[in-house]
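Each value in this text was obtained by applying a stated rule to the coordinates, not by laboratory testing. Worth saying up front: this structure is predicted, and the values here are computed from it rather than measured. All Cβ positions, even for glycine, are placed from backbone atoms using ideal geometry, and neighbour counts span all protein chains on display.
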């Protein structure tokens, strides 16, 4: 019922089409059910006229014309029902897929931490296929079959109650058999959909990580993993097909039994003179008409089990609470301001594993701050809390302007994120042109502004070397670019947005020292020319970056162990002076150096 409830909701969004389909199917079924009656009546009239020796060709012509008219009406209305049903079904799938994609776009990062990409892709593609099939023609055929059954049994009830009772004794076996099979197939189809999600996850991970697979000679192990998941999927589908293959012949056996009963009982009644030969032909035609609807009815019930399994996965995801909560009275931050950011005893845990413990710090407007720390110190967690990708487990993040101080949860998420620009260590680029990647999320960009950010990001020479310049396609995930080139494209993308808060997460780790120095100089000039105050937060492994920042924060095991300016820490710090000395030994990896220093001081 959970799936039917959701499907009904989508059907009602296109209720005009649904009503038209219903009307045309009813007209088609009335026309179809009238044909055997017209046929039987015509035969009885012919036999009666022959017996009375008054045969007239008009009797035959009248019957033929009425049957032809009924057939034409049936054909036209069936076509209209099929065509409108197709539009309705495909329209509903369009709406469901749109809602599912919007769900992905609006979900928090915690949602993607717990769902595999391949499985999410399966829910938006193959899981919708059985739902689409059911809506496009399964729903219509189920309705047609139900109306055919209802119409035939109504005629039977009105004309001969004894045949109605006799046939009615056998018919329930159809529904008992269908119910039994559906209870077997329902859970099985759910397992099939989940297994398909696991299979696509393996495929997606291998395609995305093929370089790693080949680098570690892991092809054999990954093939074995794929074969295992593929065989599990094959086995489940084979078992489902086995059940369906047994079920459908059993349904046809029951229909054949119904026809046999009809021939015997009806023939006996014709001999006794209780019913006419024409009426027997009418009944026989009706029950031969039941053969196809019965198969469709059985197939529709099987199809519904597939729909139920796929729909459970899709609709459960759509209605699940995967967004960070936003207060109904959440406020917008004023335009053209750079706020103060205050962490008040902030803690965060991933699955009961502490990443931050009681962090308190204040970042002022226009300040340049560097955050350092060994692996696992909490740097990535902190920068994920800034744009509210996650909420703290404990503590508060305050956003202070000249007029007000807000808890971060009191602000509209979209409004707050529009204040923040990001560059990640491993930036994601789209399979589009360089210009499109840089201008991503910016509706209109002038060529002068594009040239400026390209120059600041030190992409000028590289872009000029390309045959098509900024209009060069870079391949999926920027595969045709080096690590440093991808980082510089991402830097240019951030600069173009001119956000008041900029976060660079090891954004220059793939640049050589000379290129990094040129970027830092151009970046400083860019900030000086900017008409607005801009806060910059660096996560860095380069000691050279520390000279240009106002404050340095050193983390270890989710806590701040030192903070201050470069000069203050050199004079009064315990960790930082030792870290700075590592440049004399040629060690340039801050994370590794910090790990060694902290271990020695324990």
### Query
Hey, what number do you get for the chain at 222 nm if only DSSP H runs of n ≥ 4 count, each worth -39500 (n - 2.57), divided across all residues, to the nearest 500?
-21000 deg cm²/dmol
### Task
Could you work out how far apart the two model spin labels at residue 69 and residue 242 are, taking each label as a point 7 Å from the Cα in the direction of the beta carbon, and quote it in nm?
5.5 nm
### Query
By count of other Cβ within 10 Å, fewest leading, how are 368, 345, 547 ordered?
547, 345, 368
### Task
Using a 10 Å cut-off on Cβ atoms, rank the peptides 309-316, 405-412 from the highest mean neighbour count down.
309-316, 405-412
### Summary
Fewest-first ordering of 529, 396, 82 by Cβ atoms within 10 Å yields 529, 396, 82
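Restricting to the chain, compute how many DSSP beta bridges are antiparallel as a %, nearest 5.
Within the chain, antiparallel bridges account for around 55 percent of the total.
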